[in-house]
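Engineer: Handing you a structure now.
What follows draws every value from the coordinates through simple rules; no lab data is involved. Computed from a prediction, not measured in an experiment: that's the story for all the values here. Heads up, the Cβs are rebuilt from the backbone with ideal geometry, glycines too, and the neighbour counts pull from every protein chain shown.
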Amino acid sequence: MRRRLNPAQLLALHNQPKEKMPPPQREEWLNQRLARQVRFACSHAPAVKKKFDDAGVSPRSIRTIKDLEGLPVTTKDQLVRLQQADPPFGGLLAIPPNSLGRIYVSPGPIYDAWGPERIKAAVRGFVRMGVPRAGDIVLVSTAYHMVPAGLFLTDALDVLGCTVVPAGIGQTELQVKILHDLQATAIFSFPSFTMTILKKAEEMGYDVRRDLNLKFTTGGGERHIQVLRKVFEEQYGLLVGDGYATADVGSVAYDCGLGQGYHYDDEECIIEIVDPQTGKQVAPLEEGEVVVTLFSRVYPLVRFGTGDLASYTDEVCPCGRTSHRITKILGMIGEHIRVKGMFVHMKELEEAFSKLPEVLKYQLVLKLDGHKDQITLNAETEPGVDRDALSQVINQRCQEVFKLRMDAIEFPPKGTLPQDHKKVVDQRWA
């Protein structure tokens, strides 16, 4: 069990003067930290030094956030290739691997190096949201294997002084019973699964407001959090918190509780919103990719592209904080998609179906079924194929390669899909 923070330490994380720093002073503070960080990164991570050398940029020439535009953005797909060429961390690690707190494995595969600063960032976000608090009983209903979600939340909640029930995903009836019997005060999961649990509770005869003790929920990884936020708040009386995090960079932005977007965690990183084509920073409210430079002495990524499209604002939040805020997550770019809270790379899709010669052509169609992602596979085959047996093999193969199963598999007649068809059609927000 990790060391829990006392009230004075928790108060120190809620650093009001720094959070409400005047914007010009904040910019100067960030510029100074950035200049020191890029020099450290180039000295300790060979791949970062090569990135600077290849771009013809001296670390000492980076004096402001604007100067980062002289460097290319490293994409997730490039990160996969870096790690394949120089395993396991692609020359991006600044400490010996056996000094890491956790090593997670994301689809790609990508080895994600996590040090203690990642947990501190998550704790800081929770403290600034105001919930959960010491003494809360929290049901953590996210994955605990390979990816960070479950353990990452558990580590942070433990530091806060919460009691954690590591439930994982699935067994919704049992999760409802746990919520009722333990009178848990919070549930952390993907918003769609939280909704599934609450609906199951109602099916089992519970009145969520009367019979359960839930006060708070949070979640990420799904774009329809804003839709479900209203349901959680108005129908179930829950406080809703949210944050922005990825396996590669950890928790880098947080919801202050007012639902006005995600405040950049300026103690953890520099966030840029950039034009995906040019790498140039865009103006407030314009669409661009979320690009992160970490203030990390462990895994010092510089200009890492998360693949998420977003907009931002530089206006002061009604809460009084002066940091920039991500106002909206708009979608994704690159050769990957996010579905059911998981990343799926196109090359993983190709890998899965390359071992299924019976499938001549395929297309994944993503839709929303109420509040849940729905995956339908259209698979063309030769006539006479045993479709039931093939469906089982397809789901087994997909589960092995990218840890997801199809919700439905359909077999349109051969020739239905054109030769230049898209492998993935996303209709969730059409």
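Engineer: Once you order the gyration tensor axes a ≥ b ≥ c over the Cα atoms, which shape class does the range 88-175 get: rounded for a/c under 1.5, otherwise prolate or oblate by comparing a/b with b/c? Intermediate results must be reported in sequence, preceding the final value.
Structural biologist: Numbers: a/c = 2.83, a/b = 1.43, b/c = 1.98.
The shape class here is oblate.
Engineer: Under 10 Å, Cα contacts only: if you run a Gaussian network model on the chain, which one of F353, F89, F152 comes out with the highest mean-square fluctuation?
Structural biologist: F353
Engineer: Between beta-carbons, use under 12 Å as the cut-off and find the net charge around E382, counting Lys and Arg +1, Asp and Glu -1.
Structural biologist: Summing Lys/Arg as +1 and Asp/Glu as -1 gives 0.
Engineer: Still on this structure, I have one more. Leaving out same-chain residues fewer than 8 places away, which aspartates and glutamates sit with a Cα under 20 Å from that of K199?
Structural biologist: Candidates past the 8-residue exclusion: E173, D181, D207, D211, E222, E233, E234, D369, D373, D407.
Engineer: Related question: So if we plug the beta-carbon distance of K66 and L285 into 1/(1 + (r/R0)^6) with R0 = 25 Å, what FRET efficiency do we get, rounded to 0.05? Working shown, then result.
Structural biologist: Values: r = 19 Å, r/R0 = 0.74.
The value I calculate is 0.85.
Engineer: Just how large is the dipole of the chain about the Cα centre, in debye to the nearest 20, putting +1 at every Lys and Arg Cβ and -1 at every Asp and Glu Cβ?
Structural biologist: On the way: 53 positive and 54 negative charges, 242 e Å.
For the chain, the charge dipole is close to 1160 debye.
Engineer: Suppose R0 equals 45 Å; then what is the FRET efficiency for D86 and Q171 from their Cβ-Cβ distance, rounded to the nearest 0.05?
Structural biologist: 0.65
Engineer: Antiparallel DSSP bridges in the chain: what percent, to the nearest 5? Please list the in-between numbers first.
Structural biologist: Numbers: 44 of 65 bridges.
Roughly 70 percent of the beta bridges in the chain run antiparallel, per DSSP.
Engineer: If you wrap a convex hull around the alpha carbons of the range 230-324, what volume per residue comes out, as a whole number of Å³? Kindly include the intermediate steps, with their values, before the conclusion.
Structural biologist: Working: hull volume 10.8 nm³, N = 95.
Normalising the Cα hull of the range 230-324 by residue number yields 114 Å³.
Engineer: Work from the charge dipole of the chain (Cβ charges, +1 for Lys and Arg, -1 for Asp and Glu, about the Cα centre) and give the residue of A134, A167, T278 farthest towards its positive end.
Structural biologist: The listed residue farthest towards the positive side: A134.
Engineer: Around G415, what is the net charge, scoring Lys/Arg as +1 and Asp/Glu as -1 over all other residues with Cβ under 13 Å from its Cβ?
Structural biologist: Working: positive: K361, K414; negative: E380, E382.
Once positives and negatives cancel, what remains is 0.
Engineer: Moving on to the next point. Using the Kirkwood formula on the Cα atoms of the chain, what hydrodynamic radius do you get, in angstrom to one decimal? Kindly include the intermediate steps, with their values, before the conclusion.
Structural biologist: On the way: mean 1/r = 0.0435 Å⁻¹.
One decimal place: 23.0 Å for the Kirkwood radius.
Engineer: On alpha-carbon atoms, Rg over Rh for the range 14-84 using Kirkwood Rh? Intermediate values should be presented prior to the final figure.
Structural biologist: Numbers: Rg = 14.8 Å, Rh = 13.8 Å.
Using Cα coordinates only, the ratio equals 1.07.
Engineer: Students often check this: by mean Cβ neighbours within 10 Å, which of 385-396, 29-40 ranks highest, and how do the rest follow? Could you put the intermediate results ahead of the total?
Structural biologist: Numbers: 385-396: 13.9, 29-40: 16.8.
For the peptides 385-396, 29-40, the packing ranking is 29-40, 385-396.
Engineer: Now for a separate question. How do 65-73, 202-210 rank on mean C-beta neighbours within 10 Å, highest first? Could the numbers behind the result be given before it?
Structural biologist: Values: 65-73: 16.9, 202-210: 11.6.
Most protected by this proxy first, the peptides run 65-73, 202-210.
Engineer: Which value in nm describes the separation of the simple spin-label points at T163 and L182, placed 7 Å from the Cα toward the beta carbon?
Structural biologist: 0.9
Engineer: Please give the peptides 115-128, 157-170 ranked by average Cβ packing (other Cβ atoms within 10 Å per residue), highest first, as a rough proxy for protection.
Structural biologist: On the way: 115-128: 21.9, 157-170: 18.8.
The densest-packed peptide leads the list: 115-128, 157-170.
Engineer: Could you tell me which residue out of Y254, S192, L68 lies farthest along the dipole of the range 7-265 toward its positive end? Charges go on the beta carbon: Lys and Arg +1, Asp and Glu -1, centred on the Cα centre.
Structural biologist: Going by the Cα projections, it comes out as L68.
Engineer: From the Cα gyration tensor of the range 355-425, with a ≥ b ≥ c the square roots of its eigenvalues, which class applies: rounded if a/c is under 1.5, or else prolate if a/b is larger than b/c, or else oblate? Show your work: numbers first, answer last.
Structural biologist: Numbers: a/c = 1.75, a/b = 1.24, b/c = 1.41.
Note, shape of the range 355-425 comes out oblate.
Engineer: Let me ask you something else. For A35 and Q260, FRET efficiency with R0 = 45 Å and r from the beta-carbon atoms, rounded to 0.05?
Structural biologist: On the way: r = 30 Å, r/R0 = 0.68.
The formula returns an efficiency of 0.90 here.
Engineer: Would you mind classifying the range 151-193 by shape? Square roots of the alpha carbon gyration tensor eigenvalues, ordered a ≥ b ≥ c; an a/c under 1.5 is rounded, otherwise it is prolate if a/b is larger than b/c and oblate if not.
Structural biologist: On the way: a/c = 2.21, a/b = 1.40, b/c = 1.58.
Verdict is oblate for the range 151-193.
Engineer: Run through every distinct alpha carbon pair of the range 278-428 and return the Kirkwood hydrodynamic radius in angstroms, one decimal place.
Structural biologist: Computed over Cα pairs of the range 278-428, the Kirkwood hydrodynamic radius comes out at 18.2 Å.
Engineer: How far, in nm, would the chain grow between E234 and S58 when pulled straight, counting 0.36 nm per residue and subtracting the alpha carbon separation?
Structural biologist: On the way: separation 176, 0.36 × 176 = 63.36 nm, distance 5.32 nm.
Going from the current span to full extension adds 58.0 nm.
Engineer: Give me the dipole magnitude in Debye, nearest 20, for the range 162-209 about the Cα centre, with unit charges on the beta carbon: positive for Lys and Arg, negative for Asp and Glu.
Structural biologist: Details: 4 positive and 5 negative charges, 20 e Å.
My answer is approximately 100 debye.
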